[in-house]
Amino acid sequence: PKAVWEADNAAAEPVIAAAVVTLGDVVERYLAARDPATAKSDKLRMSPRGIVEARRYLREYWKPLHGMALKDISRQHVTNRLDELAADKGAITADRART
């Protein structure tokens, strides 16, 4: 019975790991949906300059949270990151990152 339980757990682990959605995953999907070259609707399409800025903020400034599962990111994580950005890059950058 123990060997069967271990085999069942071993088989279940990859499925559970695959179900975890990280911020990094969502950022890339969001950017692809908003990119003027790949957006499927005009409502979703950002301006060329807007997508450049969105890439910079989402890929660079929010990168420390990219590896975290969405369900694990709390308001405190966001607040801490915004405080770090304000200290390193300035209050305006932090405000734009929040947006």
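The values are calculated or read from the model by the stated rules, or taken from the named source; none is laboratory data. Source: prediction; values computed, not measured. All Cβ positions, glycine included, derive from the backbone under ideal geometry; neighbour counts span all protein chains shown. Areas reflect the complete protein model, heavy atoms only, side chains present, ligands, DNA and RNA absent. Shrake-Rupley method; radii C 1.70, N 1.55, O 1.52, S 1.80 Å.
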Practice problem: Search segment 62-90 for residues that are farther than 20 Å from Val20 by Cβ and pair each with any residue that is basic (Lys, Arg) and not in a loop (DSSP other than H, G, I, E, B) when their beta-carbon atoms are under 7 Å apart and the residues are at least 6 apart or on different chains. | Solution: Leu82/Arg98
Self-check item: Selection within segment 40-61 - among the aliphatic types (A, V, I, L, M) and within 27 Å of Ala19 (Cβ to Cβ)
Solution: Leu44, Ala54, Leu58
Quiz item: Picking from Thr93, Thr79, which residue would you name as being β-branched (Val, Ile, Thr), surrounded by 14 or more Cβ atoms within 10 Å (Cβ to Cβ) and modelled with pLDDT of 95 or more?
Solution: Thr93
Self-check item: Boolean, Ala32 is among the small types (Gly, Ala, Ser), assigned to a helix (DSSP H, G or I) and open to solvent by less than 60 Å² (accessible area, probe 1.4 Å)
Solution: yes
Quiz item: For Arg56, are the conditions met, namely being in a loop (DSSP other than H, G, I, E, B) and not hydrophobic (A, V, I, L, M, F, W, C)?
Solution: no
Quiz prompt | Matching residues, segment 16-29, being part of a helix (DSSP H, G or I) and at pLDDT 90 or above | solution = Leu23, Gly24, Asp25, Val26, Val27, Glu28, Arg29
Practice problem: Within segment 35-69, work out how many residues are loosely packed, with under 13 Cβ neighbours inside 10 Å and among the hydrophobic types (A, V, I, L, M, F, W, C). | Solution: 3
Quiz item: Looking at Thr38, is it of a type outside the set (A, V, I, L, M, F, W, C) and modelled with pLDDT under 95?
Solution: yes
